Amino acid sequence: MNRHTNNLKQQIERVLRWEQSSHWRFRDFMQLSELIYKHTYRVVDAQELQIFWQSSTVISSSFLDTLAQFVDYEDWDDFCTRNFYGTVEVDEETEMLHAPMWEIPTRWVIAICWFSVIASLAVTILLIWKH
């Protein structure tokens, strides 16, 4: 359920095109409450919205229904159905399609950086010496 509520928040944020929700203040939640009322004709308290955004605490099922309707779903169940997160079965053939990842060790990166610094200094010294 937490995954669905986070997805619902993201969809609402995408519709609003406001700044990041982590920067929202109470007046933003009041404005969102008004927008939800204009779109769904259902009242959602701004403080409930703020609590939901900060902690994903669900006040009631009608609250989720209203938010889902705001982003053009019939209700919360419709939202969950249309945003289903299933499990993916991975067989041997599928695993072979993904090339194994090779990560460069940090020591190598540091050594290459130092080598390039030393090489740059050597070239600089040789160029100055030649003049």
How do the pairs read when you match residues in segment 1-30 that are within 12 Å of residue 49 (Cα to Cα) with residues anywhere that are modelled with pLDDT of 90 or more and assigned to a loop (DSSP other than H, G, I, E, B), using Cβ under 8 Å and keeping only pairs 6 or more apart or on different chains? 12/71
Look through segment 21-40, keep the residues that are among the polar types (S, T, N, Q) and in contact with a helix residue (DSSP H, G or I) (Cβ under 7 Å, 6 or more places away or on another chain), and return whichever of them is farthest from residue 63 (Cα to Cα). 21
Could you please find all residues in segment 37-71 being within 13 Å of residue 12 (Cβ to Cβ) and either in contact with a strand residue (DSSP E or B) (Cβ under 6 Å, 6 or more places away or on another chain) or of a type in the set (A, V, I, L, M) (or both)? 44, 49, 64, 67, 68, 71
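The values are calculated or read from the model by the stated rules, or taken from the named source; none is laboratory data. Source: prediction; values computed, not measured. Here Cβ is always computed from backbone atoms with ideal geometry, including for glycine, and neighbour counts include all displayed protein chains.
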